[in-house]
Amino acid sequence: MLEPFKVIIVEDVPLELKGTEGIIRNDIPEAEVIGTADSEIAYWRLIKQQKPDLVLLDLGLGGSTTVGVEICRQTKDTWPQVRVLIFTGEILNEKLWVDVLDAGADGIILKSGEMLTRSDVRSVMEGKQLVFNEPILRKIVERFCKAVSSNQVRQESLVNYEIDEYDERFLRHLALGYTKDQITQLRGMPFGVKSLEKRQNELVQKLFPDGNGGIGINATRLVVRALELRILDIDNLMPDEE
């Protein structure tokens with residue numbers, strides 16, 4: 001059983017507000033809707049009058065998505081104990097989901113597929129974080145599987161092409177635009193320029209075992225090949241500490 005709790009609904013589309021109130025009334029009788037707000041101004045006026053246990057927050061207020069993110073951030077900063085559950089029709093704006101999670105949201109329910117459910121609300125009220133419904137979970141799992149597969153390909157490439165730690169660091173910093181002289185200055189890189197030139201020649205032989213059609217292979221082409229083979233992860237090209 002859920003303990004009784006108070007809710008503020010932030011929604012600027014009257015028809016959707018009516019639908020949300022209907023879901024709460026029919027499926028979550030323990031929830032007392034103490035107020036609704038269709039704008040940022042109305043919300044702050046409302047929450048200062050009576051603090052809720054849960055804010056059910058739509059992100060697209062008045063055509064702006066950033067307003068919803070800031071409402072979430074300021075609410076969690078001011079009243080950390082207040083739960084904020086995002087209930088939004090922003091079903092394609094993945095960057096917005098990341099922003100609102102960074103702002104402290106307890107979960108995101110997308111207005112597609114399975115809508116807001118009693119179990120979602122219960123999870124949030126019981127203190128569970130990162131509560132999502134099926135549409136967003138599907139995307140998260142898809143990205144997770146893709147990331148794991150990509151990492152597996154990379155690990156296999158490192159083994160198959162006999163790439164050691166220094167090869168990877170050398171290639172990564174070449175990709176970042178470092179010169180060989182600059183790479184020799186990196187902490188824990190025990191090589192001079194001539195050693196790096198030798199290492200580069202060895203990498204060319206490893207990554208282009210059949211040559212390159214008689215065309216010379218410079219550092220740029222070598223780096224591109226390392227990216228093609230997933231030896232380098234283009235999403236994680238970060239320099240080492242110097």
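The values are calculated or read from the model by the stated rules, or taken from the named source; none is laboratory data. Remember, it's a predicted structure, so these values are computed and weren't measured experimentally. In this analysis, Cβ positions are derived from the backbone assuming ideal geometry, glycine residues included, and neighbour counts consider all displayed protein chains. For the accessible areas, the whole protein counts, side chains as well, though only heavy atoms, and no ligand, DNA or RNA atoms are used. Shrake-Rupley method; radii C 1.70, N 1.55, O 1.52, S 1.80 Å.
Protein heavy-atom surface of the chain, 1.4 angstrom probe: 51% of the accessible area is carbon and sulfur, with nucleic acids and ligands not counted. DSSP assigns beta bridges within the stretch 56-189; of those with both partners inside it, close to 10 percent run antiparallel. Of all lysines in the structure, the ones whose alpha carbon falls short of 30 Å from that of residue 76, not counting any fewer than 8 places away in one chain, are 6, 18, 48, 51, 95, 111, 128, 139.
When both bridge partners sit in the chain, DSSP labels roughly 5% of those beta bridges antiparallel.
Looking at the stretch 132-219, the pairs of alpha carbons with a distance over 23 Å make up 43% of the total. Residues in the stretch 46-57 carry Karplus couplings, in order, of 5, 6, 6, 7, 8, 7, x, 8, 9, 10, 9, 10 Hz; the curve used is 6.51 cos²θ - 1.76 cosθ + 1.60 with θ = phi - 60°, and Gly or Pro positions show x. Karplus-based coupling profile of the stretch 13-27, in residue order and whole Hz: 9, x, 5, 6, 4, 4, x, 5, 4, x, 4, 5, 4, 7, 10, with θ = phi - 60° in 6.51 cos²θ - 1.76 cosθ + 1.60 and x standing for Gly or Pro. As a test of the formula, what do you get for the chain when each DSSP H run with n ≥ 4 contributes -39,500 (n - 2.57) and the sum is divided by the residue count, at 222 nm and rounded to the nearest 500 deg cm²/dmol? -15500 deg cm²/dmol, from helical runs alone.
Out of every Cα-Cα pair that the stretch 1-133 contains, those further apart than 21 angstrom amount to 31 percent. Measuring nothing but how far apart in sequence close Cα pairs (under 8 Å, 6+ apart) lie, relative to its length, the stretch 23-156 scores a relative contact order of 18 percent.
Considering only 142, 11, 228, the Gaussian network model of the chain with Cα springs below 10 Å gives its largest mean-square fluctuation to 228.
Amide H contacts of residue 33 (H built 1.01 Å from N, in plane; Pro and chain starts excluded): 7 sit under 5 Å, all sequence-distant by 5 or more or on other chains. Cross-link partners for residue 180 among the lysines, with Cα-Cα distance under 23 Å and sequence neighbours closer than 8 places in the same chain left out: 194, 198, 206. Per residue, the chain exposes 56 Å² of accessible surface when a 1.4 Å probe is rolled over the protein heavy atoms with every protein chain present. Among the trypsin sites (Lys or Arg not before Pro) within the stretch 125-174, those in coil by DSSP and having at most 14 neighbouring Cβ atoms inside 10 Å are 128.
Note that the chain carries a Kirkwood radius of 21.7 Å, evaluated over its alpha carbons pair by pair.
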